[in-house]
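Before any comments, here is the structure.
The values are calculated or read from the model by the stated rules, or taken from the named source; none is laboratory data. All values derive from a computational prediction rather than experimental measurement. Don't worry about glycine lacking a Cβ; one is built from the backbone with ideal geometry, like all the others, and counts go over all protein chains shown. These area figures cover heavy atoms from the full protein model, side chains too; ligands, DNA and RNA do not enter into them. Shrake-Rupley method; radii C 1.70, N 1.55, O 1.52, S 1.80 Å.
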There are 2 protein chains.
Amino acid sequence: MKTTHTKNLVTVALACVVVFIATNAQAADPLASWNDGPAKQAIVEFVKATTTQGSPQFVPPEARIATFDQDGTLWVEHPMYTQVTYCLERVPALVKTRPELKNKEPFKTVLSGNREAMAKLSQDDLMKILATTLSGMSVDDFTAEAKKWIAEAKDPRWKRPYTELTYQPMQEVLQYLRANGYKTYIVTGGGQDFVRVYAEQVYGISPEQVVGSAGGTKFGYDKSGKPFLTKEPKLLLNDNNAGKPEGIHLMIGRRPSAAFGNSTGDRQMLEYTKAGDGARLAMIVLHDDAEREYAYGPAQGLPDTKVGTFTQTLYDEAKKNGWTVISMKNDWKVIFPFETK
Amino acid sequence: MKTTHTKNLVTVALACVVVFIATNAQAADPLASWNDGPAKQAIVEFVKATTTQGSPQFVPPEARIATFDQDGTLWVEHPMYTQVTYCLERVPALVKTRPELKNKEPFKTVLSGNREAMAKLSQDDLMKILATTLSGMSVDDFTAEAKKWIAEAKDPRWKRPYTELTYQPMQEVLQYLRANGYKTYIVTGGGQDFVRVYAEQVYGISPEQVVGSAGGTKFGYDKSGKPFLTKEPKLLLNDNNAGKPEGIHLMIGRRPSAAFGNSTGDRQMLEYTKAGDGARLAMIVLHDDAEREYAYGPAQGLPDTKVGTFTQTLYDEAKKNGWTVISMKNDWKVIFPFETK
């Protein structure tokens, strides 16, 4: 009896050790949510090559720059960009202050609440809504209002704040790169001021490391003589397509060593990154997981949608140019941080 | 004799100790080139208030932003901005590739070599020269050429590279702020791309922390299909006057806690900085040292010139709003780093 008891104790103790080692091994893997495979391997090898002293591809710490598209690369973009939802929801309040917009398109359609009609709005219509809803406010008012909205708004499918719908594996890449001396930037087609409102809390990325589509501002004084900035409708930077490398030059001033995207809007950023000397990492997320997230973009025969178009042509360019395609389905153990809790 | 000898030894030893302590005290003073006075005191008190845990004016490390004008604040700007000199010297090479400019003003005047006539060129003429000489090149070619010029060009008065004509006391402020967790930015009316060429070497300020007047770039491909950026004549940001806070919002996205300038072009940046909550440091350099550097700007009856206008009105605003005026003559023990070697 005693022997059995001792045996049992030893077994339990051994099991504890095994669990402890396994837990520790997992904790030690900075990319724990990635399955082993070419994508994970590409990231680890890139970091090793560029940060090991004496490596022929060593990059000095001050030159370590990595850029990340946001919508569809760091968090969910389907079925509608979060910022577009925000702007559409602002329309009723906007029309209250500017009643002349009430019977004008595209505002009329938005006010109708007809979701099907809204889904058919053109890119131009959306740009018109964005420009109208986001300009004319003071920068401080805009920030306060956007902060309030983002704290309260929820995604209809997951019933969670949008800020919880970031991709856990990409959060790990951000942290892993920063732990290895990289400055991580968001380079988004979305509004720079909007993304800056939450990027620090959500990704640990400070406002000055968010590059996005940016309107002008106008400096002026209020009645008491206190200076403030007002958002202007003038577009300074359309941070999509060719605008991404142009924005990177404007705001960062050097070519990234690594870039991450998920659509044709990221093509030029990936090309620009890859065209530099030495080790370069270009990665592109393929949304091929209809069950855990979404499957879309014509690459590999997925259905086309209005957001984040990943064409077959882009897929072929990726394969030809040595970009690494990340398959959400095959490369990611989990999708969202809340799945790990 | 022996006693005297011993006494002497003791005296020498004591003297050594005194010298050692004095040297150490000096080495320990991060603002060693500053005379004691209100300017030095303002800097030290600001850093203490914003970086001491528990201080009511404590600023968390990630929000510590300090902005510095460059010409006339960090280095010599008189009698002509370095970048203007660079552009004027580029005109002959430019005219070789574009002979149609040869007989057109203001290029004709520049080609004449007549320094008096050149000194009379208007601001508009200079802007025209800047836009023409700095656009149409690839970003890489521009960087290589500007780097070469800045390595070779010398200031006519000191016969030294322009990059040696930085102000030692301001270099100490940059280092002191960084040592206390501040991110230091240049916010210059000068060309962003030009200043980025040397800011890291000269001030330890990386390209992404240089905000300046910026033209657009255009993404394209060379004959072999390799992507590159070309400098465009279109002005995206005129980083002077109201353009400074606007540029700060665009590029940094938050209000600085401290700002340093020397002219009316810095007024709005100083106002914007000072208008924030908590401890704010606004400092403005008065060029009142004709002997060691230059004395100019109508403040306090100094002669007016074409660069760095510090008007009496600005001086009065500084005094009224609690900005600290730095007198080069009275506050700075030395002007240039080479004086300390």
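Please determine whether any residue of segment B:84-92 is closer than 17 Å to B:Phe194 by Cα and within 14 Å of the chain's Cα centre (by Cα). Checking segment B:84-92: not a single residue is closer than 17 Å to B:Phe194 by Cα and within 14 Å of the chain's Cα centre (by Cα).
So which of A:Gly278, A:Gly308, A:Gly297 ends up being under 30 Å from B:Val197 (Cα atoms), in contact (Cβ under 8 Å) with a residue 24 or more places away in the chain, in a loop (DSSP other than H, G, I, E, B) and away from chain B (no Cβ under 14 Å)? Before you say what the answer is, go through the steps one by one.
Details: A:Gly308 fails: under 30 Å from B:Val197 (Cα atoms); A:Gly297 fails: under 30 Å from B:Val197 (Cα atoms).
None of the other options fit; the residue is A:Gly278.
Residue check: is B:Asp277 open to solvent by 60 Å² or more (accessible area, probe 1.4 Å) and out of contact with any Ser or Thr (no Cβ under 7 Å at 6 or more places or on another chain)? Steps first, answer last, please.
Details: open to solvent by 60 Å² or more (accessible area, probe 1.4 Å): yes; out of contact with any Ser or Thr (no Cβ under 7 Å at 6 or more places or on another chain): yes.
So B:Asp277 passes the test.
The set of residues from segment B:88-141 being open to solvent by less than 60 Å² (accessible area, probe 1.4 Å), polar (S, T, N, Q) and modelled with pLDDT under 90 comprises B:Ser122, B:Thr132, B:Thr133, B:Ser135.
Of these, B:Val95, B:Val91, which one is out of contact with any Ser or Thr (no Cβ under 7 Å at 6 or more places or on another chain) and not in a loop (DSSP other than H, G, I, E, B)? Walk me through it before giving the result.
Details: B:Val91 fails: out of contact with any Ser or Thr (no Cβ under 7 Å at 6 or more places or on another chain).
Answer to the check: B:Val95.
Scanning segment A:240-255 for residues that are in a strand (DSSP E or B) and more than 27 Å from A:Gln175 (Cβ to Cβ) turns up nothing. As a summary of the residue check, A:Asp125 satisfies the conditions (1) part of a helix (DSSP H, G or I); (2) more than 22 Å from A:Gly265 (Cβ to Cβ) except for the one numbered (2).
Of the residues making up segment A:200-212, those that are touching a residue at least 24 places away in the same chain (Cβ under 8 Å) and not hydroxyl-bearing (Ser, Thr, Tyr) are A:Gln201, A:Val202, A:Gly204, A:Ile205, A:Gln209, A:Val210, A:Val211, A:Gly212.
Only residues that are small (Gly, Ala, Ser), more than 14 Å from every other protein chain (Cβ to nearest Cβ) and not in a loop (DSSP other than H, G, I, E, B) were counted across segment A:31-70, and they come to 3.
Check A:Ala144, A:Ala153 and return the single one that is surrounded by fewer than 19 Cβ atoms within 10 Å (Cβ to Cβ), under 24 Å from the mean Cα position of the chain (by Cα) and in contact (Cβ under 8 Å) with a residue 24 or more places away in the chain.
One residue alone meets the criteria, A:Ala153.
Within segment B:258-267, is even one residue in a loop (DSSP other than H, G, I, E, B), among the β-branched types (Val, Ile, Thr) and open to solvent by 10 Å² or more (accessible area, probe 1.4 Å)? No, segment B:258-267 contains no residue that is in a loop (DSSP other than H, G, I, E, B), among the β-branched types (Val, Ile, Thr) and open to solvent by 10 Å² or more (accessible area, probe 1.4 Å). Applying the criterion of being open to solvent by 80 Å² or more (accessible area, probe 1.4 Å) and in contact with a strand residue (DSSP E or B) (Cβ under 9 Å, 6 or more places away or on another chain) to the residues of segment B:285-341, the residue that is farthest from B:Gln41 (Cα to Cα) is B:Gln300. For segment A:151-158, indicate whether the set of residues that are within 14 Å of chain B (Cβ to nearest Cβ) and of a type in the set (A, V, I, L, M) is non-empty. No, segment A:151-158 has no match at all. Considering only residues in segment B:239-257 that are small (Gly, Ala, Ser) and facing chain A (nearest Cβ under 9 Å), the one that is farthest from the chain's Cα centre (by Cα) turns out to be B:Gly253.
Residue pairs whose Cβ atoms lie under 7 Å apart, separated by 6 or more positions or on different chains, with the first residue in segment B:48-77 and closer than 30 Å to B:Phe310 by Cα and the second open to solvent by 50 Å² or more (accessible area, probe 1.4 Å), are B:Ala49/B:Gln57; B:Thr50/B:Gln57; B:Thr50/B:Phe58; B:Arg64/B:Lys183; B:Ile65/B:Lys183; B:Asp71/B:Tyr81.
Every test in (1) of a type in the set (Phe, Trp, Tyr); (2) more than 9 Å from chain B (Cβ to nearest Cβ); (3) closer than 21 Å to B:Thr273 by Cα is passed by A:Phe260 save one, and that test is (3).
The conditions are (1) in a strand (DSSP E or B); (2) within 11 Å of chain B (Cβ to nearest Cβ); (3) touching a residue at least 24 places away in the same chain (Cβ under 8 Å), and A:Thr273 fails exactly one of them. Which is it? Answer for A:Thr273: the failing condition is (1).
Report whether or not A:Thr143 is among the β-branched types (Val, Ile, Thr), in a helix (DSSP H, G or I) and in contact with a strand residue (DSSP E or B) (Cβ under 9 Å, 6 or more places away or on another chain). Lay out the reasoning, then the answer.
On the way: among the β-branched types (Val, Ile, Thr): yes; in a helix (DSSP H, G or I): yes; in contact with a strand residue (DSSP E or B) (Cβ under 9 Å, 6 or more places away or on another chain): no.
Considered against the rule, which asks whether it is among the β-branched types (Val, Ile, Thr), in a helix (DSSP H, G or I) and in contact with a strand residue (DSSP E or B) (Cβ under 9 Å, 6 or more places away or on another chain), A:Thr143 comes out as no.
When restricted to residues that are more than 8 Å from chain A (Cβ to nearest Cβ) and not in a strand (DSSP E or B), segment B:210-232 contains 4. Among the candidates A:Gln201, A:Gln168, the residue that is at pLDDT 95 or above, in contact with a Phe, Trp or Tyr (Cβ under 7 Å, 6 or more places away or on another chain) and open to solvent by 20 Å² or more (accessible area, probe 1.4 Å) is uniquely A:Gln168. Restricting attention to segment B:50-62, which residues are open to solvent by 30 Å² or more (accessible area, probe 1.4 Å), on the phi < 0 side of the Ramachandran plot and not hydroxyl-bearing (Ser, Thr, Tyr)? Of everything in segment B:50-62, those that are open to solvent by 30 Å² or more (accessible area, probe 1.4 Å), on the phi < 0 side of the Ramachandran plot and not hydroxyl-bearing (Ser, Thr, Tyr) turn out to be B:Gln53, B:Pro56, B:Gln57, B:Phe58, B:Pro60, B:Pro61, B:Glu62.
In segment B:181-188, is there at least one residue being away from chain A (no Cβ under 12 Å) and assigned to a loop (DSSP other than H, G, I, E, B)? Looking through segment B:181-188, at least one residue is away from chain A (no Cβ under 12 Å) and assigned to a loop (DSSP other than H, G, I, E, B). Scanning segment B:190-209 for residues that are more than 8 Å from every other protein chain (Cβ to nearest Cβ) and assigned to a loop (DSSP other than H, G, I, E, B) turns up B:Gly204, B:Ile205.
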